[in-house]
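Structure first, then comments.
The values are calculated or read from the model by the stated rules, or taken from the named source; none is laboratory data. Model, not experiment: these values are computed from the prediction. All Cβ positions, glycine included, derive from the backbone under ideal geometry; neighbour counts span all protein chains shown. The protein model used for the area step is the full one, side chains on, heavy atoms only, and it has no ligands, DNA or RNA in it. Shrake-Rupley method; radii C 1.70, N 1.55, O 1.52, S 1.80 Å.
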Amino acid sequence: MLLLSEKQVQSLIDLDELIAALEQAHIQYSTGKAVMPVRLVVPLPQIQGRITSMPGFLNEDKALGMKVVTYFQENPKRGLPAILATIMLCSAETGKMIAAMDGSYITAIRTACASAVATKALANRETAVLGILGAGVQARAHIQALSHVRRFTKIKIYSPSGSSAASIKNDLQSEIGIAIEVAASAEDAVTHSDIVVTVTTAKEPIVNQEWLKPGAHINAVGSHRPDQREIDGATLARAKIVVDSRDAIMAECGDILLAIKEKQISPDAIHAEIGEVLAGTKSGRIDADEITLYKSVGIAIQDVATANLVYRKALERGVGTNAEI
């Protein structure tokens with residue numbers, strides 16, 4: 001069994017290769033060539049935490065694995081991240097574990113690269129301005145990933161305090177060679193943006209459909225629980241909604257579930273899964289002024305595809321530690 005640390009995992013990931021791998025993974029999932037149940041979340045109030053399991057299998061890649069995620073809210077006081085993740089890969093022939101790797105960086109970058117997949121498929125080709133609401137790990141990852149599929153002349157980023165947005169500007173502006181502007185408000189970040197990314201833990205909508213320019217594309221990423229929402233019902237009603245997984249969205253996505261409950265959209269408002277658009281069985285953008293919205297909650301096949309790519313690269317380069325358990 002091969003053991004891979006977070007730094008080793010990060011050194012093995014090429015963003016263009018990962019975007020291509022995720023495209024294929026989503027096509028497999030949406031065309032019946034993958035197996036993936038909705039994630040199992042087990043709350044553990046007794047120890048102020050929760051544990052989540054996310055298994056999946058990609059038939060064409062013969063990639064079998066599972067991510068296990070824990071959330072312990074007191075961890076920062078112990079000098080640890082609140083969210084920790086590990087991904088295990090198993091042989092599709094024997095079931096024997098062949099690799100175990102840190103899943104923290106994979107979770108961040110596969111989410112952003114999945115948004116890049118959706119952006120390639122749904123956004124207008126000319127997208128000069130990127131607006132981001134939220135300034136954490138996912139904001140950084142999205143700037144890096146989306147810059148691989150679209151050419152931006154300006155990035156606007158908003159965080160309530162302003163300090164985390166300023167930190168991203170200082171860290172990334174020279175690296176990516178694109179002007180980054182700290183927005184004064186959420187409205188300022190969204191207005192005139194060709195692509196909008198929401199990566200927050202908001203429980204109430206932070207996007208107003210009146211702020212959106214015609215033809216905007218939205219990657220709605222942050223909220224992934226039934227009690228969280230970033231996008232208002234009016235925006236969903238106006239947009240063509242494409243998702244990572246219908247089953248996952250209808251099980252845990254507050255943006256969609258609460259808008260249905262409020263009768264702002266119908267239960268069949270989801271136009272397609274992104275894998276269906278990529279496979280050509282459902283349409284993507286049909287005109288330049290259409291509002292498109294990709295809603296993701298993060299799914300196991302993304303983790304398995306990424307881990308499989310990392311594992312193959314590690315074998316090629318002789319990276320990692322071999323161990324028997």
Next item on the list: State which residue pairs qualify: first residue without any contact (Cβ under 8 Å) to a residue 12 or more places away in the chain and over 18 Å from residue 218 (Cα atoms) and inside the range 143-167, second residue polar (S, T, N, Q) and open to solvent by 20 Å² or more (accessible area, probe 1.4 Å) in any location, beta carbons under 9 Å apart, and separation of 6 or more residues or different chains.
Entry: none
Note to self: I'd like the full set of residues that are part of a strand (DSSP E or B) and either within 18 Å of the chain's Cα centre (by Cα) or basic (Lys, Arg) (or both), limited to the range 72-85.
What the structure shows: 83, 84, 85
Notebook entry, point to check: Of the numbered conditions (1) surrounded by 16 or more Cβ atoms within 10 Å (Cβ to Cβ); (2) touching a residue at least 40 places away in the same chain (Cβ under 8 Å), residue 6 satisfies every one except a single condition; which is it?
Noted result: (1)
Notebook entry, point to check: Of all the residues that make up the range 212-234, how many are more than 18 Å from the chain's Cα centre (by Cα), hydrophobic (A, V, I, L, M, F, W, C) and either assigned to a loop (DSSP other than H, G, I, E, B) or crowded, with 19+ Cβ neighbours inside 10 Å (or both)?
Noted result: 2
Next item on the list: Output yes when any residue across the range 68-91 is closer than 30 Å to residue 281 by Cα and open to solvent by 50 Å² or more (accessible area, probe 1.4 Å), and no when none is.
Entry: no
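Yes or no: residue 149 of a type outside the set (S, T, N, Q), in contact with a helix residue (DSSP H, G or I) (Cβ under 6 Å, 6 or more places away or on another chain) and open to solvent by less than 40 Å² (accessible area, probe 1.4 Å)?
Yes: the conditions hold for residue 149.
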Note to self: Can you find, within the range 292-325, the residue that is modelled with the lowest pLDDT among those that are out of contact with any Asp or Glu (no Cβ under 7 Å at 6 or more places or on another chain), aliphatic (A, V, I, L, M) and more than 25 Å from residue 251 (Cβ to Cβ)?
What the structure shows: 325
Notebook entry, point to check: Only one of (1) open to solvent by 10 Å² or more (accessible area, probe 1.4 Å); (2) of a type outside the set (D, E, K, R); (3) in contact with a Leu (Cβ under 6 Å, 6 or more places away or on another chain); (4) closer than 28 Å to residue 24 by Cβ is not met by residue 117, so which one is it?
Noted result: (1)
